[in-house]
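Everything below concerns the one structure shown next.
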Amino acid sequence: MIEAFLDLLRIPTISTRDAAARDDAAFDAFHEALRRHFPRLHTLPVVRVSSHGLLFHWAGTSSDRPMVLMAHIDVVPVEGGWRHPPFGAVVEDGVVWGRGTLDCKGSLTAICQAVEDLLAAGHTPQQDVWLSFGCNEEVAGDAAPLAVEELRRRGVTPWLVLDEGGAVAYDAFPGVDKPIAVIGVTEKGVTSLELRVDGRGGHASTPAPLGPTARLARAVTRLDRAPMRASAPDATMELFRRAAPHARPAMRYALNTAVRSRALLTRLLIAAGPETAAMVRTTVAVTTLSGSPALNVVAATATAGVNIRILVGDTMEGVIRHVSRVIKDPQVRITVIDEGEPSPSSPLDEAFDLIAAVTAEHFPEAVTSPYVMMAATDARHFTKISERVYRFTPFEMTRKQRESIHASDEHITVDAYLKGVAWYRILVERL
Ligand SMILES: [Zn+2]
C-alpha cells in the first residue's frame, strides 16, 4: 500500500530558481512512476500544464459543485545533515524518512491512492473532482496559475478547492495538550520592496553628514520602530476561541477572557512573542542591505530589501503608504520588487463544514479550527476562480515534523500516511 509513496519519494524532483539547473528527467520519471502505480487514475482525462504539471478530471454525476484537490510534485533542495538519505525513502520503526514526505508527496500520493481505490471499487463521485498537481510550487512557478487558466477556459468554477496547508498539529499551542486540526482559510500575501538612497560618494576620509548609508539606516530604524497596526483577524479569533476550552487550567482562564475581546487577544498575542504577533499583524522585515563595496569609499548608493507579509484586511497599497509615511524622507526611494496581496478569507460554510466534519470524525481527539496560514501556497491562485479555498493536509504532525519541512530529517509515520489516504477517500465519498 505504501510502495507507490516510497517509489515517488525516491525521485529527486527538486525545484530550482534557475530553470536550466532543473532535472527534467526526474520529473519525467515521476510521471512514469505515477502511471505505473495508479493505472486506473490514468484512465481519466488529463492535461499537462506548464512543463510537468498535471490536471486530471474525474467526471461526477453532477458538475454543479466541482471540487479541486491540489498538491505538488516538486520539492525543495536538500540541506543539512540527514539521519537517512533524503531520497532513500527509508522506513524504520513505522516512520518514512525523506524529502517530500510532508511537503508534499505525502498528500499527492494519498490523493492518488484514494482516487485509485475508489475507481477500483467502481465509485462515481457525486460531483466533478479535479486533481491539480503543480510542478514548481516551491519557486512560485507558473503551473498553478496555468491550471487556473485551464479551468477558467473550461468554465469550471470550483465549489471547493483543497490544497496543502494546516495539519492535525500536535503541540501546536503551549498549554493545550490536544492536537489541533487547523484548516487554512486565508494566507498572507508576500510583497517585497527596495529602499534606495543615492548620494555623491567620495573618499571615506571626508564624509558628509547624512550620506546614503546614514539616511538609509535612519529609514530602517524608523520602520522598525513603527510596526503596522495589529488586529486579530476572524480566523485567529476563532482558532483561540475553539482552543481555549481545552487549555490546561492555569491558562484556561486567561485564554477564555482574551477571546471575548479582539483588542485583548491581539495584545496578548503580541506580548507572547514574534510567532504569535505575526498572526495578528502585517510584518515588515528588512532583510538585505548594501552600501559601499570598499572600506575606504563612501557609498554612492545604499539599498535595503524589505520583505512584507500582508495579513488579510491590509492591502499592498496601504502597506506602501505606511512605509513611506513612517520613513518620512523623499530621498529614500521605494520600489516594489514583488507584489502579493493577502488571499481573501474563505467562508466557514458548507464546504468548510464538510472538511471539518470528515476531520472531526477521522481524528476524534483533535480540535478542528480555521486559521490564517503564514506561508504561501499554490492555493492563492485558485482564489481567482473560487470563493472556497482551504489549506489542509490530513496528516498528524508533531512540532518536530512541522519544523522538518524545508529542513532536514523530514518524515511521516506510516500510520499517519494511511489515515490520510482514508481521509481523502471519505471526503470524495461525502461530496
Ligand atoms: Zn508544499
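The values are calculated or read from the model by the stated rules, or taken from the named source; none is laboratory data. On a predicted model such as this, the values are computed, not experimentally measured, just so you know. Heads up, the Cβs are rebuilt from the backbone with ideal geometry, glycines too, and the neighbour counts pull from every protein chain shown. With ligands, DNA and RNA removed, areas are computed over all heavy atoms of the protein, side chains included. Shrake-Rupley method; radii C 1.70, N 1.55, O 1.52, S 1.80 Å.
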Restricting attention to segment 13-56, the residues that are in contact with a Pro (Cβ under 8 Å, 6 or more places away or on another chain), open to solvent by 10 Å² or more (accessible area, probe 1.4 Å) and not in a strand (DSSP E or B) number exactly 2
Hey, can you tell me all the residues within segment 125-168 that are within 15 Å of the chain's Cα centre (by Cα) and surrounded by fewer than 21 Cβ atoms within 10 Å (Cβ to Cβ)? Val139, Ala140
Restricted to segment 394-413, and to residues that are assigned to a strand (DSSP E or B) and within 16 Å of the ligand (Cβ to nearest atom), which residue is nearest to Asp171 (Cα to Cα)? Met397
Kindly provide the set of residues from segment 261-290 that are in a loop (DSSP other than H, G, I, E, B), closer than 22 Å to Leu193 by Cα and open to solvent by less than 40 Å² (accessible area, probe 1.4 Å), ordered by number. Ala278, Met279, Val280, Thr282
Might you let me know whether segment 53-72 holds any residue that is within 16 Å of the ligand (Cβ to nearest atom) and within 15 Å of Ala4 (Cα to Cα)? no
Return yes or no: is Glu164 in contact with a Cys (Cβ under 7 Å, 6 or more places away or on another chain) and within 16 Å of the ligand (Cβ to nearest atom)? yes
Quick check: anything in segment 148-163 touching a His at 6+ places or on another chain (Cβ under 8 Å), assigned to a helix (DSSP H, G or I) and within 30 Å of Ala21 (Cα to Cα)? yes
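Every residue, every condition in (1) in contact with a Phe, Trp or Tyr (Cβ under 7 Å, 6 or more places away or on another chain); (2) in a loop (DSSP other than H, G, I, E, B); (3) modelled with pLDDT of 95 or more; (4) among the acidic types (Asp, Glu), yes or no:
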residue: Ser369; (1), (2), (3), (4): no, no, yes, no
residue: Ala375; (1), (2), (3), (4): no, yes, no, no
residue: Arg380; (1), (2), (3), (4): no, no, yes, no
residue: Ile385; (1), (2), (3), (4): no, yes, yes, no
residue: Phe392; (1), (2), (3), (4): no, no, yes, no
residue: Asp415; (1), (2), (3), (4): no, no, yes, yes
residue: Leu418; (1), (2), (3), (4): no, no, yes, no
residue: Val421; (1), (2), (3), (4): no, no, yes, no
residue: Leu427; (1), (2), (3), (4): no, no, yes, no
